[in-house]
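Chemist: Quick one: this structure, given as structure tokens, is what I'll be asking you about.
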Amino acid sequence: MRIKKVNNHYDVIVIGLGIMGAATLWRSPKNSSKIMGIDASSPTYSRGSSQGASRIFRQAYWKGCKYLPLLRQANLLWNELEQTSQMQLIVRTGGIFIGHEHSRLVAGSINTAMEGSVDHKIWTGLKIKNNFPAFNISEQMKGVFEPGAYAISASNARSCMLNQAVKSGATAVFGDCVTAIENHKRGVLVKTRRGQIYVAKSVIVTTGPWIAKYLMPELNHLLDPRQVPVYWFKPKNSSKQLFSADHFPVFLYERQDGSLLYGLPSICNSEPGVKIGFHNRQQTSENPQWKSVPVQDNYINDISEAVSLIFPELEKKPICAINCYYTMSIDESFLIDRSQIMESVYFASVCSGHGFKFAPAIGDALANMAFERQCAVPLSEFGVQRFNSISCKF
Ligand SMILES: Cc1cc2nc3c(=O)[nH]c(=O)nc-3n(C[C@H](O)[C@H](O)[C@H](O)COP(=O)(O)OP(=O)(O)OC[C@H]3O[C@@H](n4cnc5c(N)ncnc54)[C@H](O)[C@@H]3O)c2cc1C
């Protein structure tokens with residue numbers, strides 16, 4: 001195949017501009033016109049996992065200390081992004097992680113906070129109620145309070161990353177879907193639905209829940225895209241103040257049966273109320289769609305029951321419910337690596353429902369990998385090799 005157009009040649013092409021792709025473009029070398037990002041959606045519309053106004057950032061990670069180096073770097077970079085874009089992207093609410101004393105959430109958060117010297121306090125149920133009166137919890141519950149946890153203004157952060165990248169010389173193309181990537185003697189070919197063929201020295205694939213089915217089938221046995229609903233609940237009329245970002249932290253709450261709720265106060269006018277969802281329940285394995293799919297009534301009833309017990313001052317029924325996607329890996333961690341099949345192709349599947357907070361650090365790592373620079377944080381914990389002995393999916 002002859003490839004004629006010189007302006008279709010890039011050093012690096014990033015496919016998929018959700019938060020991971022946007023962060024990669026932002027962390028790529030400045031003043032280079034040879035970097036391109038491409039996304040099937042429009043700039044402000046995303047059907048994948050990064051949609052919506054807010055996400056939780058926290059470091060007392062109950063899932064373990066291996067995430068701490070990336071979390072520390074991500075924290076620095078979120079602050080850098082906020083400063084350089086001169087826009088509020090971080091809402092400093094603090095975070096409370098509640099459960100029974102020996103729950104995975106409480107015990108795990110304390111462990112990581114102690115081992116990693118993350119500032120935290122251990123609170124009784126009474127102390128939680130005194131500090132955050134919106135919570136109705138029993139005396140037997142415990143909470144780990146992390147004062148440095150915060151809410152990220154998610155869609156604004158993604159826009160700021162893209163704006164800064166384009167200002168620094170990168171090209172961003174929206175509304176065209178990549179249909180194939182192939183090695184070629186000139187580099188990596190990137191073919192699109194609109195008939196474009198681009199050539200790059202390296203390609204980074206960050207296509208969220210679509211990654212394994214379409215562009216990286218080598219990951220198919222390791223990833224499971226799941227449809228998951230998220231909800232917004234309105235405070236009852238006299239209780240708005242209790243749920244404002246000044247009085248209500250980002251939270252995780254582990255119930256007796258092990259199900260985990262997460263939530264954040266509304267941090268911008270476009271959000272209709274307090275955002276709450278189940279982290280490990282109501283998940284349906286599903287091929288990701290490009291259209292919206294309504295949330296099932298039984299899921300709405302299920303979450304309404306849970307929320308009304310913990311937050312009696314929220315309206316029982318959610319005011320809004322939408323379906324999004326978690327891309328789950330077998331161990332609920334991340335996959336960041338180079339392709340085992342295609343040369344000069346790198347990828348990141350950083351979801352399992354908790355990847356957003358890491359995005360600036362992951363973007364930095366991917367850009368370093370593609371430009372053959374040393375990564376600031378070691379990524380060996382997140383490579384595919386850890387699954388070498390596993391052959392079947394889930
Ligand atoms: C409801 C919900 C709540 C969450 N809460 C938190 C939280 O509080 N804290 C946290 O840290 N994480 C959270 N997460 C996880 C986090 O949002 C995800 O880890 C993160 O958004 C994944 O981003 P991504 O860029 O990898 O994927 P996506 O956002 O899905 O982006 C993929 C992009 O690729 C594009 N694309 C796909 N295929 C193609 C193609 N062939 N060609 C071109 N473009 C393509 C899509 O249009 C899309 O824009 C949450 C996730 C959900 C769903």
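Chemist: Order ARG281, ARG72, ARG194, most accessible first, counting only protein heavy atoms with a 1.4 angstrom probe.
Modeler: The ordering from most to least exposed comes out as ARG194, ARG72, ARG281.
Chemist: Between LYS66 and GLU305, what is the spin-label point distance in nm, taking each point 7 Å from the Cα along the Cα→C-beta axis?
Modeler: Going by the 7 Å Cα→Cβ label model, 3.5 nm.
Chemist: Under the Karplus relation 6.51 cos²θ - 1.76 cosθ + 1.60, θ = phi - 60°, what is the ordered set of whole-Hz ³J(HN,Hα) values for region 294-301, x standing for Gly and Pro?
Modeler: Per-residue couplings from phi come out as x, 7, 5, 4, 5, 5, 5, 5 Hz.
Chemist: If Lys and Arg each add +1 and Asp and Glu each add -1, what is the summed charge of the other residues whose beta carbon sits under 13 Å from the beta carbon of LYS317?
Modeler: Summing Lys/Arg as +1 and Asp/Glu as -1 gives -1.
Chemist: Give the Debye-formula value of log10 I(q)/I(0) at each listed q (0.06, 0.10, 0.12 Å⁻¹), with one equal scatterer per alpha carbon of the chain, two decimals each.
Modeler: So the normalised log intensities work out to -0.23, -0.65, -0.92.
Chemist: Sorted by accessible area with a 1.4 angstrom probe, largest first, how do MET114, MET342 fall?
Modeler: Accessible-area ranking of MET114, MET342, largest first: MET114, MET342.
Chemist: A further question on this structure: Lysines within cross-link reach of LYS291: Cα-Cα under 19 Å, excluding same-chain residues under 8 positions apart?
Modeler: Qualifying lysines at Cα under 19 Å: LYS213.
Chemist: So how far apart, in nm, are the two label points at ASN298 and LEU126 if each is 7 Å from Cα heading toward Cβ?
Modeler: With each label point 7 Å from Cα toward Cβ, the separation is 4.2 nm.
Chemist: Name the most mobile residue of LEU162, LEU366, LEU76, meaning the one with the largest mean-square fluctuation, in a Gaussian network model of the chain with Cα contacts below 10 Å.
Modeler: Between LEU162, LEU366, LEU76, it is LEU76 that shows the largest mean-square fluctuation.
Chemist: With a Förster radius of 22 Å, plug the Cβ-Cβ distance of GLU271 and LYS317 into 1/(1 + (r/R0)^6) and report the FRET value to the nearest 0.05.
Modeler: Result of the calculation: an efficiency of 0.85.
Chemist: Now a separate question. Holding the Cα-Cα limit at 21 Å, pick out from LYS34/LYS185; LYS34/LYS201; LYS66/LYS142 the pairs that are longer than that.
Modeler: Cα-Cα > 21 Å for LYS66/LYS142; rest within.
Chemist: Let me ask something else. Per-residue accessible area for VAL377 at 1.4 Å probe radius, Å² rounded to 10?
Modeler: Answer for VAL377: close to 20 Å² accessible.
Chemist: Which whole-Hz ³J(HN,Hα) couplings does region 211-226 yield from phi under the Karplus relation 6.51 cos²θ - 1.76 cosθ + 1.60, θ = phi - 60°, glycine and proline marked x?
Modeler: Taking θ as phi minus 60°, the curve returns 4, 7, 5, 9, 9, 10, x, 4, 9, 3, 7, 9, 10, 9, x, 10 Hz for region 211-226.
Chemist: For region 1-83, which chymotrypsin sites (Phe, Trp or Tyr not before Pro) pass both filters: DSSP loop (anything but H, G, I, E, B) and at most 13 other C-beta atoms within 10 Å?
Modeler: TYR45
Chemist: How many times 2.2 N^0.38 Å is the alpha carbon radius of gyration of region 182-304?
Modeler: With N residues counted in region 182-304, Rg over 2.2 N^0.38 Å equals 1.50.
Chemist: Tell me the volume per residue, in Å³, of the convex hull enclosing the alpha carbons of region 229-299.
Modeler: 134
Chemist: Tell me the accessible surface of SER244 in square angstrom (1.4 angstrom probe, heavy atoms of protein chains only), to the nearest ten.
Modeler: 30
Chemist: Taking region 319-394, how much of its Cα-Cα pair set, in percent, is spaced more than 18 angstrom apart?
Modeler: Across region 319-394, Cα pairs with separations above 18 Å total 47 percent.
Chemist: Using the Cβ atoms and a cut-off under 13 Å, what net charge is assigned to the surroundings of GLU286, where Lys and Arg are +1 and Asp and Glu are -1?
Modeler: Once positives and negatives cancel, what remains is +3.
Chemist: Compute the signed sum of charges (Lys and Arg +1, Asp and Glu -1) over the other residues within less than 13 Å, Cβ to Cβ, of THR179.
Modeler: +2
Chemist: Same structure again: Going from most exposed to least, what order do ARG58, ARG104, ARG386 have by accessible area with a 1.4 Å probe?
Modeler: Most to least solvent-accessible, the answer reads ARG104, ARG386, ARG58.
Chemist: Something else now. Can you give the extra length, in nm with one decimal, that the chain gains between ASN287 and ASN31 once fully stretched, where that is 0.36 nm per residue apart less the Cα-Cα distance?
Modeler: Extra length from ASN287 to ASN31 when fully extended: 88.4 nm.
Chemist: With a 1.4 Å probe and every protein chain left in place, tell me how much accessible area ASP257 has, in Å² to the nearest 10.
Modeler: Here the residue's solvent-accessible area equals roughly 100 Å².
Chemist: Sticking with this structure for a sec: Once label points are set 7 Å from the Cα along Cα→Cβ at both ASN79 and PHE174, what is their separation, rounded to one decimal in nm?
Modeler: With each label placed 7 Å out from Cα toward Cβ, I get 3.1 nm.
The values are calculated or read from the model by the stated rules, or taken from the named source; none is laboratory data. Keep in mind it's a predicted model, so treat the numbers as computed, not measured. Reconstructed Cβ throughout: ideal geometry from the backbone, glycine too, with neighbour counts over all protein chains shown. Protein only, heavy atoms only, side chains kept; ligands, DNA and RNA dropped before computing areas. Shrake-Rupley method; radii C 1.70, N 1.55, O 1.52, S 1.80 Å.
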